[in-house]
Amino acid sequence: MSIAPIDSMTSLNSDLFYDILRRLDGPALASLACTCAAFCSISKEESLWENVCASVWPSTKREDVKSLISSIGGFRKFYADCFPLIVNKEVGEYQWNNHLEYPDDWTEAEYYGDTNEFESITPSDFVSIVDIRFKDKPICSKVLSGIPNANDNGGWFYNCPFRIDLLTYADRDDNNAGELTLSVSNGLPPITSMERERKNRKLWHELRDGLLLSWILVNKKIKQAANLASWSPLDGQRHWPTDKDFVIRFGSVLPAKDILPSQVVQCILAMKFRVVHIEEEGFETTLKLTELSMQLEDMEGAHVNGKNSLHILKEALSCRRSKNYSEVIESCHMYSKVQNELKEEKMGSESRLDTLCILSGIAAFMTFWYHVL
């Protein structure tokens, strides 16, 4: 059987082009668009990028999310903004001792954020789009419009530590929104006893290595979006007081220049799972997601208040990003390293001060009795 030769790419039907391109992932589609004018033209089709976004973020299949993405520039722009992750290489370049000194003459407005400066930033401008995968399979999607409780109780939100508890407020009106559980059918190893799990940590390793998190934050007013998560976990631990809770942390390092003395903050995305069933109880091993939250923490470990957090999150939507995920993880680990060094230095200074106070007290005591006797 003979096959007719193809004289040029233009001789192929555009539907065939489209059929080829719709099978590609985002990076491959972007690369192929650079090969010739025909591929470049067809690759601009929004439906192609809608398919790509749906494969990466299942939450983008929702009609309300589709409308949101269309309003901020379309799926192609959304993918370009959110597939690369936020990276901050300036973590180690700051002189922390200088920047962490909060001046004594700062006013309350300067410390907590000037109200007039933030009038253009409102909590209702933000939308959180969250997707969780386990062993590369989507297991949960959540969407949250605005920031809960931000408009209640006057200025309470702006002056108190910023926090979003996604499970408490997301999809309240969604009748299909239920509890997220992981079991042996999802790929978890069967656990016969918690005592054995504490020794071999097999369940913990499977959970840590299998989870992926994407937390996209969209600002409707400025029409920008960014992924605040690290995809892979940064660290985690077993919650020892209960012995059945596993806390896994994701996140990124966000710029806070001219907002906080530390110049950068860490966005902490915490995910907590609880063991609800094990094999010896007559059920298959099952974990339940009990927490999915976001907080911002400065270099001293203090939680950033709501007013400054809004400003930091807005600036994060336009900061530098990278497709090199190892570079992103490295910047987060660098932040933790500098933070630990700062804590050790602070503890050393406090220890020396305590020693000096004790010696001064002993000297004063001995001097007093010397004169008495």
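The values are calculated or read from the model by the stated rules, or taken from the named source; none is laboratory data. Small disclaimer: the values here were computed from a predicted structure and weren't measured. In this analysis, Cβ positions are derived from the backbone assuming ideal geometry, glycine residues included, and neighbour counts consider all displayed protein chains. Each accessible area value is taken on the protein alone, full model and side chains, heavy atoms only, with ligands, DNA and RNA left out. Shrake-Rupley method; radii C 1.70, N 1.55, O 1.52, S 1.80 Å.
The protection proxy used here, the mean number of other Cβ atoms lying within 10 Å of each residue, ranks peptides 194-200, 48-54 as follows, highest first: 48-54, 194-200.
So which lysines pass the test for residue 314, namely a Cα distance under 22 Å, with those fewer than 8 places away in the same chain ruled out? Hits, sequence-local ones excluded: 66, 77, 89, 142, 220, 221, 223, 257, 323.
Whole-Hz Karplus values for the range 352-365 come out as 5, 5, 5, 4, 4, 5, 5, 5, 5, x, 5, 4, 5, 4 Hz, taken residue by residue from phi with 6.51 cos²θ - 1.76 cosθ + 1.60 and θ = phi - 60°; glycine and proline positions read x.
Binning all Cα-Cα separations of the range 14-83 at 5 Å, short to long from zero, yields these whole-percent fractions: 3, 18, 31, 23, 16, 8, 1. Across the range 288-302, coupling constants 3J(HN,Hα) worked out from phi with the 6.51/-1.76/1.60 Karplus curve, θ = phi - 60°, read 10, 6, 10, 8, 8, 9, 10, 9, 10, 10, 7, 5, 8, x, 8 Hz, and Gly and Pro carry x.
The modelled label-to-label distance for the pair residue 89/residue 360, using points 7 Å beyond Cα in the direction of Cβ, is 4.6 nm. Per-residue surface analysis assigns residue 303 an accessible area of about 90 Å², computed on protein heavy atoms at 1.4 Å probe radius. Here the range 14-83 exposes an accessible surface that is 55 percent carbon and sulfur, computed with a 1.4 Å probe and the other protein chains kept in place. Each residue of the range 262-268 was assigned a 3J(HN,Hα) from its phi angle through the Karplus curve 6.51 cos²θ - 1.76 cosθ + 1.60 (θ = phi - 60°); the sequence is 6, 6, 9, 9, 10, 8, 9 Hz, with glycine and proline shown as x. Once backbone amide H atoms are built at 1.01 Å from N, residue 285 has 184, 191, 279 as its partners under 5 Å, excluding neighbours fewer than 5 places away on the same chain.
In Å², what does the accessible area per residue of the range 14-83 work out to with a 1.4 Å probe? All intermediate terms of the calculation are to be shown ahead of the outcome.
Details: 3410 Å² over 70 residues.
Roughly 49 Å² per residue, with all protein chains present.
Peptides 341-354, 128-141: what's the order by average Cβ count within 10 Å, highest mean first?
Details: 341-354: 11.1, 128-141: 18.4.
Result, highest mean first: 128-141, 341-354.
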